[in-house]
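Trainee: First, the structure itself, so that you have it in front of you.
The values are calculated or read from the model by the stated rules, or taken from the named source; none is laboratory data. These figures come from a predicted structure and were not determined experimentally. Here Cβ is always computed from backbone atoms with ideal geometry, including for glycine, and neighbour counts include all displayed protein chains. These accessible areas exclude ligands, DNA and RNA; they are computed on the full protein's heavy atoms, side chains included. Shrake-Rupley method; radii C 1.70, N 1.55, O 1.52, S 1.80 Å.
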Amino acid sequence: MRITICENKMELGTQAAILGRHHIKSTILKKGRANVAFVTGTSQLEMLKSLRGLDIDWSKVNVFLLDEFIGIPDGHKASSETFLKENFLDFIPQIGSFHPISRSKDYRKTLKEMNALMNENPIDVAFICIGENGHLAFNDPPADFDATDPYIVVNLERRSKRQQVSEGWFDTIDDVPEKAITMSVHEILSSRIIICACPDQRKAKAVASCIFDDISPASPCSSIRRRTECTIFLDRQSSRLVFGDIRTYD
């Protein structure tokens with residue numbers, strides 16, 4: 001795992017996007033297509049803004065989501081599909097394919113469809129982040145490290161719900177759905193390349209947990225230390241509990 005500390009979230013987003021471009025383009029060169037997964041949320045805005053302006057042949061990219069709420073209506077501002085469309089896909093002239101996760105309450109059907117699709121399209125590049133409670137996607141602590149299906153259904157932990165409210169996606173905790181579909185920790189770690197863009201002071205405790213805690217379900221984000229092909233991009237604020245003025249660690 002590699003850690004790069006940037007001056008601010010704008011530089012962080014730019015650097016994460018440049019690394020993403022390198023791996024997406026090299027994958028297309030080798031395989032003809034690339035499978036790319038995105039996490040959504042305000043922490044990803046600068047990265048997505050930079051990425052959509054780079055020279056990538058998106059017509060050769062299949063796009064997947066890391067997670068989605070169950071039961072929210074079409075077009076809801078908290079939907080991962082809505083977020084990615086409004087902040088990324090709407091700026092791309094042509095995409096190879098986009099595979100949103102259904103928000104239907106019939107999640108068993110959705111899981112069957114998405115898992116079959118993922119088994120045929122292993123992820124080449126995954127853009128992820130660390131949640132305020134240390135989650136990966138919606139794998140809240142204690143996360144299921146034993147689940148091997150690409151997508152699973154999870155119950156959202158209260159701290160995860162509070163993050164959704166604090167970011168403005170829902171008005172109250174009671175408005176946040178109880179369940180979500182998420183890419184499993186096993187599947188995230190199976191991605192060939194992992195790029196974690198994690199800015200802001202509110203993520204500082206989770207970043208410290210990721211780097212220093214024992215790797216366990218109590219700290220889902222710590223699991224990415226198992227991967228050598230993983231780069232975490234931090235800014236001054238998110239790294240403040242971990243590092244001083246040194247910028248890059250291996």
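Trainee: What is the Cα centroid distance between the stretch 40-68 and the stretch 166-212, reported in whole angstrom?
Mentor: First find each Cα centre; the distance between them is then 16 Å.
Trainee: Bins of 10 Å, beginning at zero and ending with the bin holding the largest distance: percent of Cα pairs per bin for the stretch 72-165, please.
Mentor: The percentages, shortest bin first, are 13, 40, 42, 6, 0.
Trainee: If you don't mind, another one. What does the C-alpha gyration tensor say about the overall shape of the chain? Classify as rounded when a/c is under 1.5, otherwise prolate if a/b is larger than b/c, or oblate. Numbers along the way, then the final one.
Mentor: Working: a/c = 1.34, a/b = 1.06, b/c = 1.27.
Since a/c stays below 1.5, the shape of the chain is classed as rounded.
Trainee: Given contacts defined as C-alpha pairs under 8 Å and at least six residues apart, what's the relative contact order of the chain, whole-number percent?
Mentor: 28
Trainee: For V165 and L29 in one chain, what is 0.36 nm times their gap in residues minus the Cα-Cα distance, to one decimal in nm?
Mentor: Length gained, V165 through L29: 44.8 nm.
Trainee: With a cut-off of 8 Å between alpha carbons and a minimum separation of six or more residues, what is the relative contact order of the stretch 150-245 in percent? Write down the numbers at each step before the final one.
Mentor: Numbers: 116 pairs, mean separation 26.5, N = 96.
Taking the mean separation of contacting Cα pairs over the length of the stretch 150-245, I get 28 percent.
Trainee: Report the label-to-label distance for L189 and F243 in nanometres (one decimal), using points 7 Å from each Cα along the Cα→Cβ vector.
Mentor: 2.3
Trainee: Okay, next question. Using only the Cα atoms of the stretch 16-122, build the gyration tensor, take square roots of its eigenvalues as a ≥ b ≥ c, and label the shape rounded, prolate or oblate: rounded if a/c is under 1.5, else prolate if a/b is larger than b/c, else oblate. All intermediate terms of the calculation are to be shown ahead of the outcome.
Mentor: Details: a/c = 2.31, a/b = 1.34, b/c = 1.72.
It comes out oblate by the Cα gyration axes.
Trainee: Next question, about the same structure. For I193, enumerate residues with amide H under 5 Å from its amide H, sequence gap 5+ or separate chain, H modeled in the peptide plane.
Mentor: Residues meeting the amide H criterion: V125, A126.
Trainee: For a protection proxy built on the mean count of beta-carbon atoms within 10 angstrom, sort 169-177, 233-241 highest first, please. Numbers along the way, then the final one.
Mentor: Values: 169-177: 14.3, 233-241: 21.9.
Top of the packing list down: 233-241, 169-177.
Trainee: If you put +1 on each Lys and Arg Cβ and -1 on each Asp and Glu Cβ, how big is the dipole of the stretch 116-212 around its Cα centre, in Debye rounded to 20?
Mentor: Values: 9 positive and 15 negative charges, 83 e Å.
Dipole magnitude for the stretch 116-212 comes out near 400 debye.
Trainee: If amide hydrogens are placed 1.01 Å from N in the peptide plane, which non-local residues have theirs closer than 5 Å to the one on C129?
Mentor: Correct list: A137.
Trainee: Where does the chain land at 222 nm, in deg cm²/dmol rounded to the nearest 500, when only DSSP H runs of n ≥ 4 count, each adding -39500 (n - 2.57), divided by all residues? Don't jump to the answer; show the numbers that get you there.
Mentor: Working: 7 runs with 76 residues, N = 250.
So the helix-based figure for the chain works out to -9000 deg cm²/dmol.
Trainee: What is the extension gain from F212 to R2, computed as 0.36 nm multiplied by their sequence separation minus the C-alpha to C-alpha distance, in nm to one decimal? Mind showing how you got there, number by number?
Mentor: Numbers: separation 210, 0.36 × 210 = 75.60 nm, distance 1.41 nm.
Full extension from F212 to R2 adds 74.2 nm.
Trainee: Further, regarding this structure: Give the accessible surface of the stretch 50-114 per residue, rounded to a whole number of Å², with probe radius 1.4 Å and ligands, DNA and RNA excluded.
Mentor: Working: 3140 Å² over 65 residues.
Using a 1.4 Å probe on heavy atoms only, each residue of the stretch 50-114 averages 48 Å².
Trainee: Of K105/K179; K85/K161; K30/K112; K60/K109, which pairs sit farther than 18 Å apart, going by alpha carbon to alpha carbon?
Mentor: Working: K105/K179 9 Å; K85/K161 23 Å; K30/K112 30 Å; K60/K109 28 Å.
Long pairs (Cα-Cα over 18 Å): K85/K161; K30/K112; K60/K109.
Trainee: For the chain, give me every cysteine whose Cβ has no other Cys Cβ within less than 4.7 Å, ordered by residue number.
Mentor: Flagged as lacking a Cys partner: C6, C129, C196, C198, C230.
Trainee: Another one. Take the alpha carbon gyration tensor of the stretch 149-250, find the square roots of its eigenvalues, order them as a ≥ b ≥ c, and report rounded if a/c is under 1.5; if not, report prolate when a/b exceeds b/c, else oblate.
Mentor: Note, shape of the stretch 149-250 comes out oblate.
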